[in-house]
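As structure tokens, the structure follows; a few thoughts come after it.
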Amino acid sequence: MASDAPATLPVQLAEQPRLLKLKKMFISKFGSAPKFYARAPGRVNLIGEHIDYCGYAVLPMAIEQDILIAVEPVKTQVVQLANTNPLYSDFSTSVNNIHINKTKPVWHNYFLCGLKGIQVELAEICTKTERYVGTEGGGMDQSISFLAEEGTAKLIEFSPLRATDVRLPSGAAFVIANSCVEMNKAATSHYNIRVMECRLATKLLSKSKGLEWKKMLKLQDVQAKLGVSLKEMLTIVEEVFHPEPYSVEEICTCLGISLEELRTQILSQNTQDVTSFKLYQRAKHVYSEAGRVLEFKKICSEAPASALQLLGELMNQSHISCKDMYECSCPELDQLVDICLQFGAIGSRLTGAGWGGCTVSMVPSDKLSTFLTNVKEAYYKSNDQRLALEKNSLFATKPGGGALVFLEA
């Protein structure tokens, strides 16, 4: 694991057009120049969806697309925030009176939650502080942003947080394609419902096995306490859960608690009115996806002749599980995955929280050019009205063992 602080580098603004533009806008807005700049790269998760908050390892890598911040420390107790995008309004507040309204997912809340958390090793702090905006997330996004290194993906493990290099096989490119369907996970309950379903599954599994269920929060905790394999956990899921949704009344009966206790002691604020939860499906996805992550790393390490095909199969299995078991896909993502596979991808899956956003596909390097052309044409043709006003761009980076291409409608 990289223990050093994120790199601090001197840069020539004349050679960095984005920084120069940012500096000019900063001076125009605040009347003085920034003292320093901060950069956080974006990320793509190759495999391991919705399992970081369950305690399991994920396998993301950073990409060149990023967020830039210009900063000037001031002596007052007021923080002033501005965005280069005119759609996002300026904001200021006293650092002594930070109030974050979880019901209104405004852009500046993401800065305030970090500031609020600091008033309370950095990646773990960021993971916890995101919850101030109401998202019960794991730690993948923050961890890869801090721990990423050029030329390698990372196996990110939790409790304790640690990162291991994963060298991707040559001969293929990982292509990120944007479905142009937006889903703000802080503005909806989809994401937190899944987190709560995993938490409830943890508690019911724990009680069924005679464990101290009130102390158990993550599905990985159950496996660790029982000392069994992921394959054995899948068998236990089949034995303990029924596939039909669990009503809140049934959950209360299983745990021997009142509905009020369930809502106030276990559920998050924006899931307290949910009346049923799918526990079998969510637990089955988590344990099987955790196994796929470890198998993905093993294949990359051993590099057999069939590595690309094996990795592609894992990616395809991951998407099917996300779609059918975790139900975090959407018709456009499923269509985009099908199109990518149709035009030569060895494996393709949604990446990120889902319900919109992007897919990641593994494509043979020699098929990359025709793949990009055909996927764009096919997806545009199927969604011409919806995408008519969208920006059309294509750009790429190379993180070591193969190209990483970003395809955006």
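The values are calculated or read from the model by the stated rules, or taken from the named source; none is laboratory data. Note that the coordinates shown come from a computational prediction; the quantities given were computed from them, not determined experimentally. Reconstructed Cβ throughout: ideal geometry from the backbone, glycine too, with neighbour counts over all protein chains shown. Keep in mind that these areas ignore ligands, DNA and RNA; they rest on the heavy atoms of the full protein, side chains included. Shrake-Rupley method; radii C 1.70, N 1.55, O 1.52, S 1.80 Å.
What to note about this one:
- Residue within segment 326-334 that is assigned to a helix (DSSP H, G or I), under 18 Å from the mean Cα position of the chain (by Cα), small (Gly, Ala, Ser) and farther than 24 Å from Ala163 by Cα present: no
- Hits in segment 188-230 - residues which are among the aliphatic types (A, V, I, L, M), assigned to a loop (DSSP other than H, G, I, E, B) and closer than 26 Å to Glu327 by Cβ: Met216, Leu217
- Residues that are open to solvent by 30 Å² or more (accessible area, probe 1.4 Å) and part of a helix (DSSP H, G or I) occur in segment 29-39; there is at least one.
- Output for segment 179-194, where each listed residue is modelled with pLDDT under 75 and either basic (Lys, Arg) or farther than 18 Å from Glu332 by Cβ (or both): Lys185, Ala186, Ala187
- Hits in segment 176-222 - residues which are hydroxyl-bearing (Ser, Thr, Tyr) and crowded, with 21+ Cβ neighbours inside 10 Å: Ser179, Tyr191, Thr202, Ser206
- Of all residues in segment 62-89 being in contact with a helix residue (DSSP H, G or I) (Cβ under 8 Å, 6 or more places away or on another chain) and at pLDDT 90 or above, the one that is surrounded by the most Cβ atoms within 10 Å (Cβ to Cβ): Ala70
- Restricting attention to segment 304-329, the residues that are basic (Lys, Arg) and surrounded by 20 or more Cβ atoms within 10 Å (Cβ to Cβ) total 0.
Let's see how each residue does on (1) farther than 17 Å from Cys252 by Cβ; (2) of a type in the set (D, E, K, R):
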| site | (1), (2) |
| --- | --- |
| Ile193 | yes, no |
| Arg199 | no, yes |
| Lys207 | no, yes |
| Glu212 | yes, yes |
| Leu217 | yes, no |
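- Test: residue in segment 285-293 that is closer than 24 Å to Arg167 by Cα, part of a helix (DSSP H, G or I), within 25 Å of the chain's Cα centre (by Cα) and of a type in the set (Lys, Arg): yes
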